[in-house]
Amino acid sequence: MRYTRAHIFLFLSPLLLIVLFMYGMIAWTGYASMTNWVGMAPSWHFNGVDNYIKLLGMGRFWDALKNNVLWLVVFIPPTAILGLVLAYILDVAGWAERIFRPVLLYPMALSFVVTGNLWAWMYDAKGVFNMSLTGLGLKPQLWIASPDQVLYCIIAAAIWQYTGFAMILYVAAIREIPVEIFEAAKVDGANLTQLFYNIVVPNVGQATMIVIAMLTLFSLKIFDLVWVMTFGGPGTSSEVLPFFMYVASYRQGFVGLGSAISMVILLLAILVVIPYSLWFMKRAAE
C-alpha cells in the first residue's frame, strides 16, 4: 500500500489536535491574565497589563522568583554532574550494574508525594538526620523548619529523585561512543579517570543539552515537593512561582493574577531553554 499525504495527516491528526488544544489553552490563559477575574465565576472584563503591574509591585512575587532562580542554580549542576558520574561508573561496573542500576533508578519510580513525605520525616526534629547528628555529638538542625535552610533541604530531595533520570540519559549517550575510541585510549595508557575527562565528557554533549533543558523545566514548574514538605513555609521562605500561582488562583480566588503568574513561568522557560538550546546546537555544529 502506498501512503499519501492524506494518510500521514490522518495518522498525525490525534497528535495535532492535542498540540492545538495545548496552544489554545496557553492563549486562553494569556487572555485570562489580562482580565479582572476574581472568584470561581469567570469575569472577562479586560484590564490590560494591570495584573502584571500588580505582580511587579508584590514582594511575594519577587521572593518566589528568587527561589525559582535559586532552584536553577543549586539543583541543576549537581544533578547533571552526579548523573554523569554515576552513568560512567555503571558503564565500567560490569556485572555489578545489574545490582546498582535498579537501586539508583528506584527514586524515579516514586511520586513526589511519597518523596516529599519521606524526606519530611527524615528532616523532622526527631528524624534520622538529627538522630545521626546527635549520635555523632553534633547539634541537631532545624532543617525545613529554618527559613535559611528549607529551600536547600527541598532541593536535596529533588536531586535524590532526579539523579537517576540524568544518569539513564548519560548511560545511553556513553554507550553511543564507539568502543574503538576507548580501546585506542587504553592502548595509549589512559586510566579510567583520563577516559572520563578526555573521551566521555566531550562526547555526551547532546545528552547534556537534553538533561539541562529538562531539569530547567522541572525547576521552573516545581510544585509537588514544596506542597508536601513545607506548603511554602516557614512563612513564604520556600514558596516558588507555581506554588504562588496556586495560592493566588485557588486559595485567594485571584484567577486573573494567577494566570499572569503562569504566563511569567512560561516566559521564563522560553527565555532560558530556547537560547540555551540554540547556543548549544550552534556550538555542536562548529
Task: Residues of region 142-165 satisfying the condition of being part of a helix (DSSP H, G or I), farther than 27 Å from residue 88 by Cβ and touching a residue at least 24 places away in the same chain (Cβ under 8 Å) - done: 144, 145, 150, 151, 153, 154
Task: All positions within region 41-83 that are free of Cβ contacts under 8 Å to residues at least 12 places away in the same chain and of a type in the set (Gly, Ala, Ser) - done: 41, 57, 59
- [ ] Could you list, in sequence order, all residues of region 30-62 that are surrounded by fewer than 16 Cβ atoms within 10 Å (Cβ to Cβ) and within 24 Å of residue 218 (Cβ to Cβ)?
- [x] 30, 60, 62
- [ ] Please state which of the following conditions residue 206 fails to meet, knowing it meets all the rest: (1) surrounded by 18 or more Cβ atoms within 10 Å (Cβ to Cβ); (2) in contact (Cβ under 8 Å) with a residue 40 or more places away in the chain; (3) of a type outside the set (Val, Ile, Thr).
- [x] (1)
- [ ] Filter region 246-262 for residues that are surrounded by fewer than 22 Cβ atoms within 10 Å (Cβ to Cβ), of a type outside the set (Ser, Thr, Tyr) and assigned to a helix (DSSP H, G or I) and give the result.
- [x] 247, 251
- [ ] State whether one or more residues within region 270-281 are surrounded by fewer than 21 Cβ atoms within 10 Å (Cβ to Cβ), over 17 Å from the mean Cα position of the chain (by Cα), touching a residue at least 40 places away in the same chain (Cβ under 8 Å) and over 25 Å from residue 24 (Cβ atoms).
- [x] yes
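Given the structure, is residue 168 at pLDDT 95 or above and part of a helix (DSSP H, G or I)?
Numbers: at pLDDT 95 or above: no; part of a helix (DSSP H, G or I): yes.
No.
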Open item on the list: Show the residue pairs meeting these rules: Cβ distance below 9 Å; 6+ apart or different chains; first residue within region 209-228 and over 16 Å from residue 270 (Cβ atoms); second residue acidic (Asp, Glu) and not in a helix (DSSP H, G or I).
Closed with: 226/239
Open item on the list: Can you tell me how many residues within region 181-239 are assigned to a helix (DSSP H, G or I), among the polar types (S, T, N, Q) and over 15 Å from residue 76 (Cα atoms)?
Closed with: 5
Open item on the list: Considering only region 40-54, I want to know if a residue exists there that is acidic (Asp, Glu) and within 25 Å of the chain's Cα centre (by Cα).
Closed with: no
- [ ] Quickly run through region 95-141 and pick out the residues that are outside any loop (DSSP other than H, G, I, E, B), within 15 Å of residue 165 (Cα to Cα) and of a type in the set (A, V, I, L, M).
- [x] 103, 104, 105, 108, 109
Open item on the list: Looking only at region 7-38, filter to residues that are more than 27 Å from the chain's Cα centre (by Cα) and in contact (Cβ under 8 Å) with a residue 24 or more places away in the chain; which one of those is farthest from residue 50 (Cα to Cα)?
Closed with: 38
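The values are calculated or read from the model by the stated rules, or taken from the named source; none is laboratory data. Worth saying up front: this structure is predicted, and the values here are computed from it rather than measured. Every residue, glycine as well, gets a Cβ built from its backbone with ideal geometry; the counts of neighbours run over all protein chains shown.
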